[in-house]
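Q: My questions will all concern the structure given below.
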Amino acid sequence: MGVQQTTVSSQSASPYALSPNFIRQLRNFMNNWIVEGGSFRFDGYRTYLKVDKQPSPIEVKEPENPLVIGPADEGSEAADTATWPPEEDDETNDGVTLRIQTRQGYFDEGDHVWYAYVRDLTWPRSIAPAISAETRIIIDEPQ
């Protein structure tokens, strides 16, 4: 892939300018943890990091036993309290599947039924996002 170069300056007028102390800490960190095949240079106000080698891709396999969050049908009136990772995580699940509603429809020309359409999103344990419990909100209520 070529050389990538990043420049950080502490002389900027930005309120997010990096202090010389931060630059010093960054230099110490980079000198200890530099990526193989890269180089690091510090000239007092500018820090350069060059990485000549791209990191190896992480192999991610499809989970065989994911925890499924969300019902396959309409479920119950109460909000689902399941979370990811589970509160009592025994690591028996190698990933998580989250069922989400993507759309709904009532078709006058069809069978006069109001449908909800759902999709499953699945992640392996190593890259799964945190998932909160459901929150129930009122969409409409009879007057």
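What follows is calculated from the coordinates using simple rules that are stated; it is not laboratory data. Please read all numbers here as calculations on a predicted model, not as lab measurements. Virtual Cβ from ideal backbone geometry, glycine too; neighbours counted across all protein chains shown.
Q: Skipping prolines and chain starts, which residues have an amide H placed within reach, meaning under 5 Å, of the one on Asp80, given they are 5 or more residues away or on another chain?
A: The list, which skips near neighbours in sequence, is Glu134.
Q: Follow-up. Place a +1 charge on the Cβ of each Lys and Arg in the range 90-142 and a -1 charge on the Cβ of each Asp and Glu, then give the dipole magnitude about the Cα centre in debye, rounded to the nearest 20. Write down the numbers at each step before the final one.
A: On the way: 5 positive and 10 negative charges, 47 e Å.
For the range 90-142, the charge dipole is close to 220 debye.
Q: Express the C-alpha Rg of the range 53-138 as a ratio against the empirical globular expectation 2.2 N^0.38 Å, rounded to two decimals. Let's see the in-between values first.
A: On the way: Rg = 16.9 Å, N = 86, 2.2 N^0.38 = 12.0 Å.
Relative to the rule-of-thumb radius for its length, the range 53-138 sits at 1.41.
Q: Also, I was wondering about something else. Using the per-residue mean of other Cβ atoms lying within 10 Å as a proxy for protection, in what order, highest first, do the peptides 106-116, 122-132, 69-79 fall? Mind showing how you got there, number by number?
A: Numbers: 106-116: 8.4, 122-132: 13.7, 69-79: 10.7.
In descending order of packing, they fall as 122-132, 69-79, 106-116.
Q: I would also like to ask the following. With θ set to phi - 60°, apply the Karplus curve 6.51 cos²θ - 1.76 cosθ + 1.60 along the range 118-134 and write out the HN-Hα couplings as whole Hz, x wherever there is a Gly or Pro.
A: Here the 3J(HN,Hα) series is 10, 10, 9, 10, 10, 10, x, 3, 5, 10, 5, x, 6, 10, 7, 5, 5 Hz.
Q: So what's the net charge close to Arg136: Lys and Arg +1, Asp and Glu -1, counting the other residues with Cβ under 13 Å from its Cβ? Mind dumping the intermediate values first?
A: Numbers: positive: none; negative: Glu77, Asp80, Glu134, Glu141.
Overall, the nearby charge balance is -4.
Q: For the range 66-127, give me the percentage of DSSP beta bridges that are antiparallel, rounded to the nearest 5 percent. Intermediate results must be reported in sequence, preceding the final value.
A: Numbers: 11 of 15 bridges.
Given both bridge residues lie in the range 66-127, the antiparallel proportion sits at roughly 75 percent.
Q: Set the Förster distance to 30 Å, then compute FRET efficiency between Thr135 and Asn65 from the Cβ-Cβ distance, nearest 0.05. Intermediate values should be presented prior to the final figure.
A: Working: r = 27 Å, r/R0 = 0.91.
E between Thr135 and Asn65, to the nearest 0.05, is 0.65.
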